[in-house]
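To keep things clear, I will list the structure first and then write my remarks on it.
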Amino acid sequence: MLHLAEAPIRAGKASDFPETYRRAFRWMLLARVAEEKIASLFRGGRITGGVFLGKGQEAISVATGIALKEGDIFAPLIRDQAGRLAFGESLLDFTLTYLGARSGPMRGRDGNVHRGRPREGLLPMISHLGAMVSVVNGMLLAHRFQGKKGTVGAASLGDGATSTGAFHESINQAAVEKLPLILVVTNNQYAYSTPNERQFACSDLVDKALGYGVNGHTVDGTDLESCLQIIGGAVQLAREGNGPQLIVASNLRLAGHGEHDDSHYISSHFKELPLGRDCIEVAQNHLLGKGWADASALEVWTRECAVQVDEAVAHALREPAPDPAQEEWCALSHRHLAEGNSAKF
Amino acid sequence: MITYLEAIREAQKKALEIDPRVYLYGQDIGAFGGAFKATKGLAQTFPGRVIDSPISEDAMMGSAIGAALQGMRPVIEMQFADFSTVGFNQIVNQAATMFWRTGESCPITVRLPSGGTPGSGPFHSQNLEALYAHYPGLIILTPATVEDAYSLLLEAIALDDPVIFCEHKYLYYHLKAESLPETALPVGKARIARTGRDATVVTYSAMLHEALAAAEELAENGWEIEVIDLRSIKPLDTDTVLASVARTGRILAVGEAWPWGGVTAEVLARIATDGFNLLDAPPMRLNSKDTPVPFHPNLWGTHRPTARTIANALRDLLRL
Ligand SMILES: Cc1ncc(C[n+]2csc(CCOP(=O)(O)OP(=O)(O)O)c2C)c(N)n1
Ligand SMILES: [Mg+2]
């Protein structure tokens with residue numbers, strides 16, 4: 001696990017539930033505020049390359065991150081800012097990577113959502129969809145070889161990524177090996193511009209679980225309470241040796257595919273459905289309705305998030321950019337075996 | 001004025017118009033018009049022939065091969081060249097071997113949006129021409145101009161062999177021409193983009209423009225640099241290159257792809273074996289560095305060759 005401003009608490013004992021919910025909500029809020037800030041920097045021309053937001057997906061993402069504990073594995077995808085924070089990734093890793101700072105975990109070599117710290121169980125996604133899942137499988141296999149017990153690995157995917165061969169191969173592999181894999185598929189109805197009906201023909205993606213011989217769960221991705229319960233439960237099942245768990249959450253992406261995209265193709269019909277709700281608004285109302293937080297607490301939390309984000313951005317902006325003259329142009333850990341850069345290519 | 005990207009769209013439009021066997025298949029290429037808008041408007045103009053695929057590169061390629069065997073002319077858009085590796089097996093083992101094994105041709109065109117742009121990082125910047133060229137049975141095209149983007153794509157679709165069409169994203173919007181060409185050099189012919197007598201630069205795709213800028217810079221000091229645009233990587237027009245080196249005696253091969261076993265290595269190997277006695281100086285080459293393509297523009301700008309590094313290499317070559 002990475003450093004945490006505050007130690008995350010896990011969805012668990014019923015008595016802690018309101019507290020879990022509050023913590024989860026605050027990670028969601030922090031993710032939302034942080035991403036909005038990066039989006040505004042992007043619009044101001046301060047960020048090169050793509051910006052991808054998890055707006056509308058914070059509930060399912062945070063529920064995944066918060067259900068994991070030290071020693072577990074997490075392979076987040078592009079819409080997992082909330083889950084990353086809950087898992088323990090620092091906000092600085094986020095800002096430093098988006099700005100390409102030399103001091104960030106990716107040292108300017110990779111950017112935006114392509115970041116992680118493998119040693120700490122946080123896998124750095126490659127872009128190729130579906131490719132991370134079997135890597136999680138491998139980490140879980142290693143735990144088995146090494147006699148590490150009780151750990152699980154979670155991987156995120158979108159509806160579109162379920163069309164890859166990698167999805168099929170890796171869920172089947174995990175099933176054969178009975179690995180404690182939690183595969184969280186967030187069906188936000190679209191893969192870039194492509195709607196579900198051009199992506200798959202089953203009536204519900206969770207039906208795939210049956211074919212692979214794994215447990216399937218569905219959850220309303222806009223409802224934090226259900227997300228915490230369903231993911232928490234699935235993680236527990238995996239931890240107790242019940243093999244891979246496929247979770248399918250439904251929601252709507254409330255942003256463009258990336259910030260370059262106006263997402264005009266999203267049918268307004270979805271926006272009126274419950275799955276089109278903003279999970280943060282839903283959670284906020286839930287907190288107030290249950291009396292788990294009052295309006296002034298919400299206001300304080302929002303302000304705290306803004307302060308944290310501003311600090312993380314200001315810090316990253318002060319950090320030096322990578323210097324090509326000082327860069328080690330070497331892709332091997334055995335430097336003496338790398339040839340490219342002394343040879344006159 | 002027409003851009004490189006518009007030329008690619010126009011070529012696909014023309015192919016759909018003139019050949020009922022042609023259809024386009026790829027992620028988000030239908031109503032949305034593709035990630036780069038290379039098929040904008042085509043789904044509306046040609047209903048049922050511009051089709052959105054699931055995110056399934058292997059099946060995209062396999063189905064294209066099957067359709068080609070049944071007499072269709074599929075044009076596949078990979079969203080980025082980098083993702084074509086997921087369909088690699090079908091391309092290099094199925095499409096590329098089909099004619100040799102069975103005598104049946106496999107006329108597919110695979111469009112690969114290739115090459116680096118600032119901030120695109122390791123997985124949205126790759127140049128895979130050498131990887132595909134390594135496999136017998138494929139034609140590899142690398143247009144550097146608006147005219148070639150149009151004419152080479154039309155020719156690719158008309159060819160009976162599988163073609164890997166490497167279009168450079170950096171040129172999509174930057175590069176403009178007055179109009180589309182009426183005639184063009186055929187596939188397999190290199191073009192002398194600038195004539196000169198002191199040294200030859202052999203290059204292709206986006207690097208052509210860096211090389212031309214370097215040649216311009218050296219012209220200020222009186223050097224006359226010949227610049228050859230290969231246009232087609234496989235087949236490689238060795239004759240045009242040899243004839244140029246016979247005139248200049250010096251060669252620098254430049255490519256944006258990685259160096260190891262790449263196009264520049266192939267060009268120099270041919271010069272060394274077939275034209276050694278034409279050389280007045282050891283042949284040189286310049287490529288991107290042997291690391292993944294970096295995200296940060298500072299690193300990216302140093303990772304790949306630029307007009308400045310090409311000009312420096314040329315000065316070295318001319319001093320030798
Ligand atoms: C193998 C592969 N093919 C294509 C792409 C290009 N691509 C990036 S994201 C995306 C859509 C993903 O949709 P989905 O899996 O539903 O996730 P969402 O963006 O909706 O969260 C596509 C096609 C890719 N990253 N990997
Ligand atoms: Mg989706």
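Quick look at the values:
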item	result
Residue satisfying condition, being in contact (Cβ under 8 Å) with a residue 40 or more places away in the chain, open to solvent by 30 Å² or more (accessible area, probe 1.4 Å) and over 11 Å from residue B:25 (Cα atoms), within set B:97, B:45	B:97
Residue, farthest from residue A:140 (Cα to Cα), within the stretch A:46-71, restricted to residues that are of a type in the set (Ser, Thr, Tyr) and open to solvent by less than 10 Å² (accessible area, probe 1.4 Å)	A:61
Residues (more than 13 Å from the chain's Cα centre (by Cα) and within 27 Å of residue A:275 (Cβ to Cβ)) located in the stretch A:43-70	A:50, A:51
Qualifying residue in the stretch B:20-40 (condition: away from ligand 2 (no atom under 16 Å from the Cβ), assigned to a loop (DSSP other than H, G, I, E, B), without any contact (Cβ under 8 Å) to a residue 60 or more places away in the chain and closer than 19 Å to residue B:69 by Cα)	yes
Residues (among the aliphatic types (A, V, I, L, M) and either in a strand (DSSP E or B) or loosely packed, with under 14 Cβ neighbours inside 10 Å (or both)) located in the stretch B:157-193	B:163, B:164, B:177, B:192, B:193
For residue A:312: the one exception among (1) touching a helix residue (DSSP H, G or I) at 6+ places or on another chain (Cβ under 8 Å); (2) among the hydrophobic types (A, V, I, L, M, F, W, C); (3) surrounded by fewer than 16 Cβ atoms within 10 Å (Cβ to Cβ)	(3)
Test: residue B:82 is more than 16 Å from residue B:169 (Cα to Cα) and in contact with a Ser or Thr (Cβ under 8 Å, 6 or more places away or on another chain)	no
Any hit, the stretch B:73-85, residues being basic (Lys, Arg) and in contact with a strand residue (DSSP E or B) (Cβ under 8 Å, 6 or more places away or on another chain)	yes
Single unsatisfied condition, residue A:35 versus (1) crowded, with 22+ Cβ neighbours inside 10 Å; (2) within 14 Å of another protein chain (Cβ to nearest Cβ)	(2)
Residue that is least open to solvent (accessible area, probe 1.4 Å), among those in the stretch A:254-273 that are away from chain B (no Cβ under 14 Å) and within 16 Å of ligand 2 (Cβ to nearest atom)	A:255
Selection count, the stretch B:112-142, where residues are without any contact (Cβ under 8 Å) to a residue 60 or more places away in the chain, within 14 Å of chain A (Cβ to nearest Cβ) and either outside any loop (DSSP other than H, G, I, E, B) or within 13 Å of the chain's Cα centre (by Cα) (or both)	0
Helices (runs of 4 or more DSSP H) contained entirely in the stretch B:204-320, each with at least 1 residues that are within 12 Å of chain A (Cβ to nearest Cβ) and surrounded by fewer than 20 Cβ atoms within 10 Å (Cβ to Cβ)	B:263-274, B:297-303, B:307-319
Subset of the stretch A:231-253 (residues that are over 20 Å from residue A:280 (Cβ atoms), surrounded by fewer than 24 Cβ atoms within 10 Å (Cβ to Cβ) and not aliphatic (A, V, I, L, M))	A:233, A:236, A:239, A:240, A:241, A:242, A:243
Strands (runs of 3 or more DSSP E) lying entirely in the stretch A:125-230 (those with 3 or more residues that are open to solvent by less than 50 Å² (accessible area, probe 1.4 Å) and either within 21 Å of residue A:69 (Cβ to Cβ) or within 13 Å of ligand 1 (Cβ to nearest atom) (or both))	A:153-158, A:181-187
Residues that are in a loop (DSSP other than H, G, I, E, B) and within 14 Å of ligand 1 (Cβ to nearest atom), drawn from the stretch A:35-61	A:49, A:50, A:51, A:52, A:53, A:54, A:55, A:56, A:57
Count - residues of the stretch A:200-219 that are out of contact with any strand residue (DSSP E or B) (no Cβ under 6 Å at 6 or more places or on another chain) and either within 16 Å of ligand 2 (Cβ to nearest atom) or within 14 Å of another protein chain (Cβ to nearest Cβ) (or both)	5
Filter pass, residue B:7 being in a loop (DSSP other than H, G, I, E, B) and within 19 Å of the chain's Cα centre (by Cα)	no
Qualifying positions in the stretch A:92-117 - part of a helix (DSSP H, G or I) and open to solvent by less than 20 Å² (accessible area, probe 1.4 Å)	A:93, A:94, A:95, A:96, A:97, A:98
Matching residues in the stretch A:94-125 - criterion: being more than 9 Å from chain B (Cβ to nearest Cβ), of a type outside the set (A, V, I, L, M, F, W, C) and under 14 Å from the mean Cα position of the chain (by Cα)	A:115, A:116, A:117, A:121, A:124
Enumeration of residues in the stretch A:43-57 that are under 30 Å from residue A:223 (Cβ atoms) and within 14 Å of chain B (Cβ to nearest Cβ)	A:50, A:51, A:52
Unique match (being within 15 Å of ligand 2 (Cβ to nearest atom), out of contact with any strand residue (DSSP E or B) (no Cβ under 8 Å at 6 or more places or on another chain) and without any contact (Cβ under 8 Å) to a residue 60 or more places away in the chain) among A:197, A:240, A:177	A:197
When residues of the stretch B:44-62 are limited to those that are out of contact with any Ser or Thr (no Cβ under 7 Å at 6 or more places or on another chain) and within 11 Å of chain A (Cβ to nearest Cβ), the one farthest from ligand 2 (Cβ to nearest atom)	B:62
Selected residue (only one of A:323, A:278 is in contact (Cβ under 8 Å) with a residue 40 or more places away in the chain, closer than 30 Å to residue A:109 by Cα and surrounded by 12 or more Cβ atoms within 10 Å (Cβ to Cβ))	A:323
Selection count where residues are open to solvent by 20 Å² or more (accessible area, probe 1.4 Å) and more than 10 Å from every other protein chain (Cβ to nearest Cβ), scope the stretch B:25-42	5
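The values are calculated or read from the model by the stated rules, or taken from the named source; none is laboratory data. Predicted model, so just to flag it, every value in this text is computed and none were measured. Ideal geometry is used to build each Cβ from the backbone, glycine not excepted, and the neighbour counts take in all protein chains shown. Each accessible area value is taken on the protein alone, full model and side chains, heavy atoms only, with ligands, DNA and RNA left out. Shrake-Rupley method; radii C 1.70, N 1.55, O 1.52, S 1.80 Å.
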